[in-house]
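Since the structure comes first, as structure tokens, the remarks are kept for the end.
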Amino acid sequence: MATTPDRDPVTLYATLGEPLSRWLWIVKPLLLIPHYIVLAILGFVASITWVITLFAILFTGRYPRGLFDFHMGVFRWTWRVEFYGFQGLATDVYPPFQFSGPIDYPADIEIEYPENLNRWLVLIKLFLAIPHLVILTILRGGENGLSTLLVFIAGIILLFTGKYPKGIFDLLMGVHIWWYRTIAYVAFMTDRYPPFRLDVPPPLAHR
């Protein structure tokens with residue numbers, strides 16, 4: 001399906017879980033260890049297939065559908081784990097070990113498959129994305145990122161009140177949709193340059 005100029009090819013879905021356990025978030029990193037191991041392996045494979053994809057697009061102008069589906073699956077799996085873990089803490093539903101599309105889970109991502117791509121743009125996309133990556137390193141990167149601080153604050157509030165602050169949730173999800181738009185661009189999954197903005201992803205009910 002071709003993407004119209006006013007349509008974003010990347011859609012992040014997020015539905016805040018209610019109610020949430022007051023204390024479960026404390027042990028979620030331990031519970032996610034099996035996922036982290038699998039995602040580390042998948043990430044290594046994806047780095048290799050990223051290079052293969054670059055040359056495939058450079059010579060054919062098309063993204064091999066099998067590689068697109070693989071990268072889409074890695075993105076989907078990663079986002080579900082992040083939503084459950086310390087990039088979100090926004091659900092208590094344990095993420096599934098799978099690549100597949102729509103399932104009964106409160107977080108998902110969809111990226112429209114591009115029928116044709118600019119062959120030469122793949123050579124400079126990473127360079128063009130540097131301004132986004134610099135900002136997102138501050139907003140989302142590592143232990144010192146703003147998103148990590150916001151998640152910790154949300155966890156403390158949840159611990160004492162049993163409520164997840166909606167304002168923090170919306171801000172966090174805005175950072176994450178910005179991140180995934182940028183990574184989809186760097187991964188050659190779209191030629192649309194990501195906007196410099198924070199949006200609120202729709203809930204899954206709006207799929």
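Annotations for the structure displayed:
- Scanning region 167-206 for residues that are free of Cβ contacts under 8 Å to residues at least 60 places away in the same chain and among the acidic types (Asp, Glu) gives 170, 199.
- Elements of type helices (runs of 4 or more DSSP H) contained in region 122-190, each with 1 or more residues being over 30 Å from residue 27 (Cβ atoms): 125-128, 130-140, 166-186
- Pairs linking a residue in region 112-138 that is in contact (Cβ under 8 Å) with a residue 40 or more places away in the chain to a residue that is of a type in the set (Gly, Ala, Ser), with Cβ atoms under 7 Å and 6 or more positions apart or on different chains, are 115/2; 116/61; 117/61; 119/61.
- Residue among 59, 152 that is under 30 Å from residue 18 (Cα atoms), surrounded by fewer than 20 Cβ atoms within 10 Å (Cβ to Cβ) and over 18 Å from the mean Cα position of the chain (by Cα): 152
- Boolean, residue 109 is of a type in the set (A, V, I, L, M, F, W, C), assigned to a loop (DSSP other than H, G, I, E, B) and under 17 Å from the mean Cα position of the chain (by Cα): no
- Filter pass, residue 89 being surrounded by 14 or more Cβ atoms within 10 Å (Cβ to Cβ), closer than 20 Å to residue 187 by Cβ, among the aliphatic types (A, V, I, L, M) and touching a residue at least 24 places away in the same chain (Cβ under 8 Å): no
- Just one of the listed residues (197, 192) is within 17 Å of the chain's Cα centre (by Cα) and loosely packed, with under 15 Cβ neighbours inside 10 Å, namely 197.
- Residue list for region 116-147, restricted to those being closer than 20 Å to residue 90 by Cβ and at pLDDT 90 or above: 136, 139, 147
The values are calculated or read from the model by the stated rules, or taken from the named source; none is laboratory data. Not measured: the values here are computed from a predicted model. All Cβ positions, glycine included, derive from the backbone under ideal geometry; neighbour counts span all protein chains shown.
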